[in-house]
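The values are calculated or read from the model by the stated rules, or taken from the named source; none is laboratory data. From a predicted model like this one, the values you see are computed outputs, not experimental measurements. Here the Cβ positions follow ideal geometry from the backbone for every residue, glycine too, while neighbour counts run over all protein chains shown. We work out accessible area using only protein heavy atoms, side chains counted, and drop any ligands, DNA or RNA first. Shrake-Rupley method; radii C 1.70, N 1.55, O 1.52, S 1.80 Å.
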Amino acid sequence: MGRLAHTAGLTDVQQEILDTVRDFVDKEIIPEAQRLEHADEYPQAIVDRMRQMGLFGLTIPEEYGGLGESLLTYALVVEEISRGWMSVSGIVNTHFIVAYMLMRHGTEEQKRRYLPRMATGEVRGAFSMSEPGCGSDVSAIKTRAVREGDGYVIDGQKMWLTNGGSATLVAVLVKTDEGAESVYRNMTTFLVEKRQGFGEVEPGLTVPGKIEKMGYKGVDTTELVFDGYRTSAAQILGEAPGRGFYQMMDGVEVGRVNVAARGCGVALRAFELGVRYAQQRETFGKRIADHQAVLFRIADMATKVEAAHQMMVMAARKKDSGERNDLEAGMAKYLASEYCRDVVEESFRIHGGYGFSKEYEIERLYREAPMLLIGEGTADIQRMIIGRRVLEDYRLRA
């Protein structure tokens, strides 16, 4: 263990959890990541081990069978897992967002129905907001739920579901006619239960095959197609129609901390690989680490790894305190994803021609890093959020 990416003020329990996860990553994820990623194979054995460790219930309160840990603990665990293989962190990320939304906005009946089984990993969550034609413009979603009798009928197409095939509970944002003037108050979150797999997973609900991606392999990313899917009003999150947009944005805030943590983990691994290779490879009679140009790269990488980690920790602690953290989450996500890309590229350059070979881990990281630039809101979206929030604090007074 080097001195980078350490977190001050952790409890003994938090440190014990992180030590256990780090050991798990080093022994069970890193040795398998290359093979599984190149085969685009779902890491079932790793997921089973994570269930045994209780990681699916890390933040779920003890009264519902979880460990009751903080967002900070979760973010640090995600950082460690992403250091091993970012796709594995994706398997727990959307699950965690759905559990968080249930904890914050669900009825007591919904919490007791889902959270204990989510804590064990028996029920696995996915999060569905995006659509093929809306991108970052959430107001442009077209999937609609129409009231029919005591329930609703949903029609439309959702896009970019991480865990779309393996999840059994999906939080889905749709439009409903609540009669509000604002489009954002005419959106509702439904809790959609389904079986695992692809094809027609429920009457009126289809999960097409996996979307092929340049990186972030192993984890299934899919569409979700509704065609006359029927559900009850009891499946509305919190049984409160018209609040879906705000519930989703609350989930996205913690999701942005998660993406920041993933960026920190991938950057740290790229740094470790680059520093190790620089001390093994020799040119012109000395280690390349002793050449000034490479030494400067190492210095830049280390600084960015540390800065991103500390920003991510600050954002997580802000959310844990109960304060609004959209500014800090946006900054953390923006900084960590951009710095991750930079650190991975510097490590790639240090590896030289070998970095282009699939035998070397840095080639995989080079394909994974770009996903962080767009996940949970692009860099430009984060900059808009940051700019607007900063102006609120520094607005000129008459």
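Tallying residues that are exposed (fewer than 12 other Cβ atoms within 10 Å of the Cβ), of a type in the set (S, T, N, Q) and part of a strand (DSSP E or B) within region 179-206 yields 0. Annotation: of all residues in region 77-108 being of a type in the set (Asp, Glu) and touching a residue at least 40 places away in the same chain (Cβ under 8 Å), the one that is nearest to residue 259 (Cα to Cα) is 79. The selection criterion, being more than 20 Å from the chain's Cα centre (by Cα), surrounded by 15 or more Cβ atoms within 10 Å (Cβ to Cβ), at negative phi and charged (D, E, K, R), holds for residue 28.
Checked against (1) touching a Lys or Arg at 6+ places or on another chain (Cβ under 8 Å); (2) over 27 Å from residue 215 (Cβ atoms), residue 106 passes all but condition (1).
In region 343-359, which residues are in contact with a helix residue (DSSP H, G or I) (Cβ under 6 Å, 6 or more places away or on another chain), farther than 12 Å from residue 215 by Cβ and at pLDDT 95 or above? Result: 343, 346, 347, 348, 350, 351. Could you say which residue among 210, 158, 175 is open to solvent by 30 Å² or more (accessible area, probe 1.4 Å), touching a residue at least 40 places away in the same chain (Cβ under 8 Å) and among the charged types (D, E, K, R)? Within the list 210, 158, 175, the selection yields 210. Selection of region 312-334 for residues being assigned to a helix (DSSP H, G or I) and open to solvent by 40 Å² or more (accessible area, probe 1.4 Å) yields 314, 317, 318, 320, 331, 334. Against the condition modelled with pLDDT of 95 or more, β-branched (Val, Ile, Thr), on the phi < 0 side of the Ramachandran plot and outside any strand (DSSP E or B), how does residue 123 come out, does it pass? So residue 123 passes the test. Keeping to region 374-390, report how many residues are among the aliphatic types (A, V, I, L, M) and either farther than 10 Å from residue 334 by Cα or within 12 Å of the chain's Cα centre (by Cα) (or both). Within region 374-390, residues that are among the aliphatic types (A, V, I, L, M) and either farther than 10 Å from residue 334 by Cα or within 12 Å of the chain's Cα centre (by Cα) (or both) number 4. Counting only residues that are in contact with a strand residue (DSSP E or B) (Cβ under 6 Å, 6 or more places away or on another chain) and in a strand (DSSP E or B), region 140-151 holds 4 of them.
Could you tell me whether region 291-298 includes any residue that is in a helix (DSSP H, G or I), open to solvent by less than 20 Å² (accessible area, probe 1.4 Å) and touching a helix residue (DSSP H, G or I) at 6+ places or on another chain (Cβ under 9 Å)? There is no residue in region 291-298 that is in a helix (DSSP H, G or I), open to solvent by less than 20 Å² (accessible area, probe 1.4 Å) and touching a helix residue (DSSP H, G or I) at 6+ places or on another chain (Cβ under 9 Å). Annotation for region 107-114: no member residue is surrounded by fewer than 17 Cβ atoms within 10 Å (Cβ to Cβ) and closer than 30 Å to residue 306 by Cβ.
Scanning region 152-169 for residues that are touching a helix residue (DSSP H, G or I) at 6+ places or on another chain (Cβ under 8 Å), at pLDDT 95 or above and part of a strand (DSSP E or B) turns up 152, 169. Considering region 213-233, and only residues there that are assigned to a loop (DSSP other than H, G, I, E, B) and of a type in the set (Gly, Ala, Ser), the residue that is surrounded by the most Cβ atoms within 10 Å (Cβ to Cβ) turns out to be 218.
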